[in-house]
Every structure is written in C-alpha cells, then in structure tokens.
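Right, one structure below, let's go through it.
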Amino acid sequence: MIHHHPADDLLLGLAAGDLTGGVSVLTASHVETCAFCRERLRTLEAAGGLLLEELMPATLSADALARTMAAIDASPPPARAAAETRLPPAPDGMQWPRALGECTATGWRWIGPGMRWSRVTVPSDPAAKVFLLRIGAGRKLAMHTHAGMELTQVLYGRFHDGRDLFAEGDFDETDSSVHHQPEVLASGECICLAYVGGEMVFKGMLARTLGALMGM
C-alpha cells in the first residue's frame, strides 16, 4: 500500500513535459508503481489535450515538414534498454525503475558502515544531483535539512524519519522547513532514489565532509 505521493504540481509538470531531467526521473519512477498517480496523470494529460484543442490554429511555414523530418534524421539513436544500462547490482527480486532506462550510474560506493551510494547521470540533465542510496537494516543517515528541494522515491525496504514511515513505492518531498534523520527499519535494508535540488545541510563536521565529497 503506497501512502505518500507526489504533489499535483509535480504530476502536472510531468504531464506537460516541463520538469527538469532529475525531477522528471524521480516523479516518473513513482508513477510506474502507483496506480493512483497513474490515474491522476491520465486525468491531467486529458485536461491538457482539451486545452490544446481550444487553441486557435496556427499557420505553419511551407518548409515546416521538411525541417521536422531533418531534425528527426539528425536525432541521436534510441536509448539503450534498461537491462543494458550501467546500474549497480540490485537485491534479488528488485528491478530498477524503467525511468532509469536512459541513465547510467557508478557502482556502489562506501559512505559509512552499512551505507553505500551511487551517483546517477541523467542524459537530459547531467548536472542534476540524482543518487541511489543503499542503507543497511537499522542504520540511519546523519541529521540534515535542505537548502532546496529534496525528492525521495523508496525502491526497496522501509525507513522512518521521525515524521512518518516510508515504505516501498512511497514518495517524499522535503525542503528547508524539514529537519530529519531517516532510519532504516531493522527488518531489512532500504534502497532509495533521491534528487537534491540545492544542498543538503548536515549536522556535524564528518557528515558535512562526506556530503561535500558526494556532491550533496
């Protein structure tokens, strides 16, 4: 049962194609697993289609079709299938979101006992701070807040951050108003996909140093 969903503005941006690459990947990853948000997205897309139909028609230039076909011919080859992307190993029984199909990532990197991370590169937004976090059972991240938007999609396992429980499929959006310390439940490890829009502001010198090394 999924209890935490993206806000309507994120789904509207996804429907309109207005989200930046990193935010789009996080939001699309949630929609893949959430029937409730897929229905919300279809409604928004339908509403957008109705608005387009009400627009006044515009006259195209005589060479519009030729220029469009030339642009298609000049476009890069189709992206590799998700199975061919360079993503780190996942636990047995878990699959990476299809939204990561065009992305690449580093291998798992150590950031502390029982904690690893992987930097994800989004081709359409290579500067985006997108990460995979793999945290062991009973482990917790350092206390932190955010200088901008932080989005988290739970891919595997569960964690609690003092506000609520977030389980597989849940989506979380935080900002500078939130100070939290996510802690993985003792029942098993947790893997999350995260986007950081600004900087994560950690409490403690060691945590700040590790955050800077990770580009968070």
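Fewest first, what order do ASP125, ASP8, ASP172 take by the number of other Cβ atoms within 10 Å? Show your work: numbers first, answer last.
Numbers: ASP125 17, ASP8 10, ASP172 24.
Least crowded to most crowded, the residues run ASP8, ASP125, ASP172.
Rounded if a/c is under 1.5, else prolate if a/b is larger than b/c, else oblate: which is segment 98-214, with a ≥ b ≥ c the root eigenvalues of its Cα gyration tensor?
Note, shape of segment 98-214 comes out rounded.
Net charge near CYS190, counting Lys/Arg +1 and Asp/Glu -1 over other residues with Cβ under 15 Å of its Cβ?
-2
Can you put ARG109, ARG40 in order of Cβ neighbours within 10 angstrom, beginning with the fewest? Show your work: numbers first, answer last.
Numbers: ARG109 14, ARG40 18.
Going from least to most buried by this count: ARG109, ARG40.
Suppose R0 equals 30 Å; then what is the FRET efficiency for ASP9 and ALA74 from their Cβ-Cβ distance, rounded to the nearest 0.05?
The formula returns an efficiency of 0.35 here.
Mind sorting MET149, MET1 by how few other Cβ atoms lie within 10 Å of their own Cβ, fewest first?
Going from least to most buried by this count: MET1, MET149.
Any idea how far apart VAL178 and ALA62 come out in nm if each label point goes 7 Å out from Cα toward Cβ?
According to this spin-label approximation, the distance is 5.7 nm.
A short reminder: the numbers here are calculations on the coordinates, not readings from a lab. A quick note: this is a predicted structure, and the numbers were derived from the prediction, not measured. Cβ atoms come from the backbone with ideal geometry, glycine included; neighbour counts cover every protein chain shown.
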